[in-house]
Amino acid sequence: MGARIFRIDNLTSQSIGREKGIGAASWFGVKVGDKEYFPNSRSRWKTNEDGMRRLVEAGRVAPAGISLGYVRYLDDFLFSP
């Protein structure tokens with residue numbers, strides 16, 4: 001009871017033409033639990049620090065391998081056949 005179906009979605013972007021790496025607006029550490037995560041050197045987060053803070057507080061961020069992923073619930077978007 002109370003369980004929801006979800007999948008982990010990508011939380012990093014590899015868009016071309018934007019500044020990446022240390023100092024970029026969407027390249028920063030995110031602490032989840034005891035660990036701090038960073039996007040890799042060729043990517044950036046899909047949101048800024050304030051947006052990421054809100055996602056973490058809402059429980060929408062989870063460890064996914066060596067990085068973080070976005071928790072996307074099946075019922076986030078209603079649909080009909």
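Some values worked out for this structure:
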{"quantity": "Within the stretch 35-81, strands (runs of 3 or more DSSP E) holding 1 or more residues that are surrounded by fewer than 13 Cβ atoms within 10 Å (Cβ to Cβ), of a type outside the set (Lys, Arg) and modelled with pLDDT of 95 or more", "calculated": "35-37"}
{"quantity": "Of all residues making up the stretch 19-31, the number that are modelled with pLDDT under 95, surrounded by 12 or more Cβ atoms within 10 Å (Cβ to Cβ) and not small (Gly, Ala, Ser)", "calculated": "3"}
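The values are calculated or read from the model by the stated rules, or taken from the named source; none is laboratory data. Since the model is a prediction, treat every value here as computed from it, not as a measurement. Don't worry about glycine lacking a Cβ; one is built from the backbone with ideal geometry, like all the others, and counts go over all protein chains shown.
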